[in-house]
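Structure below; questions to follow.
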Amino acid sequence: MHMRRTGAVLSAAALAAGLTACGGGEQTYATVLEKVQGANTIVVGTKWDQPSLGLKMGAEPEGFDVDVAKALVKELAGGKEVEIEWKESASSNREPFLQNGTVDMVVATYSITEERKGKVTFGGPYVIAHQDVMVRKDDASINSPQDLKGKKICKAAGSNSYKRITDPPPDGELDIDATTVDAANYSECVQKLTGSNLDAVTTDDLILAGFAKQAGGNFKVLGQGFTDEKYGVGLKKGDTKTCEAVNTAVKKLWDNGTMKQLLDKWFGGIQGLKVSEAAPPAEGCS
């Protein structure tokens, strides 16, 4: 009993230390929720290279995830305006940034998985995407995910999307013999697809839709989503108080129509794209 209690105290102390470091000040906050309500600034990690989701434009990123983060922070703060410091969080550094206190939360196409739950506490999900495939517009050889056999697909650092194609369940999905080509992120994947160094890019349909829209018709998305990707709000492991508050805020943003407005703003009118119509069930905080 004594050892278990000591471990809990140490975990709480580590969580508080991480939040203090992230704030850069002397005030200590035990949770992100306390920091949002008590401080003037919070650090949020987003993507900076994904059109319509998180793309750096000028001084700040813009996109669906950015707008969701703004709305969530305002809800957590009880309507108070809180300054957000944006930090680029690629797929490969989301967990380290949360663990070492570089960011307070991550809203960056962050799919909730059992593996990641061991390192991160997730609020949400706030929307569900579906893994799909994007190819060059003139490529008639790939019409379904199963056609990727023997093809070159992108393996973006820190992302597990390629495994859905190449691995069997439970970690993968289709168990197809495709060749993976390394890239630092999905913007590099799209560059490689443009230059014919790849046959396809496969990841979440919202990500692909943003790139296809930006490319002005040079690519096509197959519209055959074959997974459910639950986008969550990443928090430092153990911050269940903030997680519960995030879940309440997500439900409210769906109930008052904010989420639908944001989805229409960034993804409305994209052919073949099916977006969430209702609030996804919360995963539970751990």
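How much accessible surface area, in Å² rounded to 10, belongs to the heavy atoms of Glu60 with a 1.4 Å probe?
Rounded to the nearest 10, the figure is 80 Å².
Over the chain, give the accessible area per residue in Å² for a 1.4 Å probe, as an integer.
Working: 13030 Å² over 286 residues.
Each residue of the chain exposes 46 Å² on average to a 1.4 Å probe.
Sticking with this structure for a sec: For Thr227, enumerate residues with amide H under 5 Å from its amide H, sequence gap 5+ or separate chain, H modeled in the peptide plane.
Gln131
Report the dimensions of the chain along its three principal axes from the alpha-carbon atoms, largest first, rounded to Å.
61, 41, 32
Another question about this same structure. Quickly estimate the mean residue ellipticity at 222 nm for the chain, helices only: each DSSP H run with n ≥ 4 gives -39500 (n - 2.57), and the total goes over all residues, rounded to 500. Please report the intermediate quantities before stating the final value.
Details: 10 runs with 104 residues, N = 286.
After summing the helix terms and dividing by residue count, I get -11000 deg cm²/dmol.
Pop out the ³J(HN,Hα) list for the range 239-256 in order, Karplus 6.51 cos²θ - 1.76 cosθ + 1.60 with θ = phi - 60°, rounded to Hz; leave Gly and Pro as x.
Working through the residues one at a time gives 7, 6, 4, 5, 4, 5, 5, 4, 4, 5, 5, 4, 4, 5, 5, 6, 4, 8 Hz.
Return the lysines within reach of Lys241: Cα separation strictly under 21 angstrom, same-chain partners fewer than 8 residues apart disregarded; answer none if there are no such residues.
By straight Cα distance, Lys241 reaches Lys35, Lys70, Lys74, Lys80, Lys117, Lys119, Lys230, Lys251, Lys252.
Sticking with this structure for a sec: For the range 147-245, which GluC sites (Glu not before Pro) are both in a DSSP coil and crowded by at most 12 other Cβ atoms within 10 Å? Before the final figure, lay out the partial values.
Numbers: sites: Glu173, Glu188, Glu229, Glu244; in loops: Glu173.
Passing both the DSSP loop test and the Cβ count: no residue.
I need the phi-derived Karplus couplings for the range 84-101: 6.51 cos²θ - 1.76 cosθ + 1.60, θ = phi - 60°, integer Hz, Gly and Pro marked x.
Listing the rounded values in order: 9, 9, 8, 10, 5, 10, 5, 4, 6, 10, 5, 5, x, 5, 6, 5, 9, x Hz.
In what sequence, largest accessible area first, do Leu273, Leu72 appear using a 1.4 Å probe?
Values: Leu273 35, Leu72 0 Å².
Output order, biggest surface exposure first: Leu273, Leu72.
Right, another one. Percent of accessible area on the chain owned by carbon and sulfur, 1.4 Å probe?
Numbers: 6270 of 13030 Å².
Solvent-exposed carbon and sulfur of the chain make up 48 percent of the total.
Quick check: Cα centre of the range 218-286 to Cα centre of the range 64-95, how many Å?
14
What ³J(HN,Hα) values, in whole Hz, does the Karplus curve 6.51 cos²θ - 1.76 cosθ + 1.60 give for the range 47-63 when θ = phi - 60°, with x put for Gly and Pro?
Residue by residue, the range 47-63 yields 6, 10, 10, 10, x, 6, 10, x, 10, 5, 10, x, 7, 9, x, 9, x Hz.
The values are calculated or read from the model by the stated rules, or taken from the named source; none is laboratory data. Predicted, not measured: the structure shown is a model, and the values here were computed from it. In this analysis, Cβ positions are derived from the backbone assuming ideal geometry, glycine residues included, and neighbour counts consider all displayed protein chains. Only protein heavy atoms, including side chains, enter the accessible area calculation; ligands, DNA and RNA are left aside. Shrake-Rupley method; radii C 1.70, N 1.55, O 1.52, S 1.80 Å.
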